[in-house]
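Report on the structure given below.
Read-outs: derived from the displayed coordinates by stated rules, not from any lab. Computed from a predicted model, the values in this text were never measured in an experiment. Note: ideal-geometry Cβ built from the backbone for every residue, glycine included; neighbour counts use all protein chains shown.
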Amino acid sequence: LTLQHELRQALLRGDFVLHYQPQYRLSSGALVGLEALIRWRHPERGLLPPGLFIPLAEESGLIVQLGDWVMQEACRQTQAWQQADLPTVPISVNLSMGQFQRQNLIERVEEILNKTGLDPAYLELEITESMTMDVVHATAYLQRLKAIGVAIIIDDFGTGYSSFNYLKNLPISKLKIDRSFVRDLSQDPNDAAIVAAIIAMAHNLNLEVIAEGVETSAQLDFLSLHRCDEIQGFLYNPPLPAERIPELLETGR
Ligand code: G
Ligand code: G
Ligand code: MN
Ligand code: NA
């Protein structure tokens with residue numbers, strides 16, 4: 001049985017599950033968002049992280065179906081929490097290049113929003129810098145998503161190909177600083193300078209900025225000093241199974 005075949009089977013059998021990592025406003029500590037992160041409940045190997053199967057799903061093209069499932073499940077779950085009268089925060093979903101390149105992404109997003117009944121204001125899509133390299137395509141696409149009411153975040157910011165010209169023109173709302181810069185913030189002055197510069201630049205462009213991979217209070221202090229808007233990381237919470245989320249939504253933390 002090839003892994004690719006197994007992936008297909010898993011999709012049919014419903015063996016994938018989403019975990020949700022909380023995102024917090026730094027100034028208040030309030031819960032302001034959740035990132036949906038896929039896991040594979042493998043019948044023999046247990047819970048597998050995305051690093052073990054997303055690359056293969058991308059290579060095989062299965063990422064399009066898998067990505068549709070992720071978006072659908074994230075929207076369904078968010079809408080279900082809202083229907084249960086829990087406070088609602090936006091859900092962010094990671095997009096792969098293969099999903100971004102397909103012709104009918106916009107239609108799929110609209111379909112999923114219609115089907116689940118989720119207000120588009122509660123959906124955020126994370127793309128990477130490399131997806132914006134085809135500027136004409138990306139700009140047209142992102143403008144249509146923005147018109148629907150869906151927000152766009154640049155994920156892993158700083159690790160890809162970025163041009164300030166793109167940043168200026170693309171209809172995005174937030175930059176997510178890659179965790180490789182956050183990791184050594186307290187020891188490496190270069191990383192500290194890069195993080196400070198990304199935050200300042202984002203704000204000058206009227207973009208929000210979130211730091212991921214925040215693990216220590218020293219990192220938190222630095223990000224706070226530089227007025228980073230939001231944070232996500234093990235210091236607060238790791239990605240959590242869905243059943244852990246209602247208590248967090250209720251307390252707002
Ligand atoms: O959850 P974890 O830290 O193991 O995730 C590792 C990587 O897998 C992250 O970079 C994340 O962006 C990616 N990933 C997680 N869930 C999804 C998903 O639903 N779609 C895509 N394309 N990537 C995902
Ligand atoms: O690239 P992306 O932003 O999608 O990656 C999210 C991934 O980062 C998740 O798989 C999550 O498990 C991981 N992650 C989240 N917080 C931390 C953290 O504080 N430290 C580390 N090392 N990884 C984290
Ligand atoms: Mn992400
Ligand atoms: Na990232």
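Between region 1-38 and region 227-253, the alpha-carbon centres lie 14 Å apart. Counting only DSSP H runs of at least 4 residues, each contributing -39500 (n - 2.57), and dividing by the residue count of the chain, the helix-based mean residue ellipticity at 222 nm comes to -13000 deg cm²/dmol.
Compared with the dominant principal axis of the Cα atoms in the chain, helix 63-83 is inclined by about 80°.
Residues T128, T139, ranked from the fewest to the most other C-beta atoms within 10 Å, line up as T139, T128. Note on E111 and T139: the extension gain reaches 8.0 nm, defined as 0.36 nm multiplied by sequence separation minus the Cα-Cα distance. Between the helical axis of 3-13 and the longest alpha-carbon principal axis of the chain there is an angle of about 80 degrees. Of the residues K174, K168, K146, K115, the one with the fewest other Cβ atoms within 10 Å heads the list, and the complete ranking is K168, K115, K146, K174. Computed from the C-alpha gyration tensor, the three semi-axes of the ellipsoid equivalent to the chain are 27, 22, 19 Å, from longest to shortest.
Angle of helix 189-204 to the longest C-alpha principal axis of the chain, folded into 0 to 90 degrees and rounded to 10: 80°. Among A218, A36, A202, the residue with the largest mean-square fluctuation in a Gaussian network model of the chain, with springs joining Cα atoms closer than 10 Å, is A218.
For region 1-128, what is the convex hull volume of its Cα atoms per residue in Å³?
Dividing the Cα hull volume of region 1-128 by its residue count gives 125 Å³.
Counting DSSP beta bridges in the chain, what percent are antiparallel, to the nearest 5? In the chain, approximately 40 percent of DSSP beta bridges are antiparallel ones.
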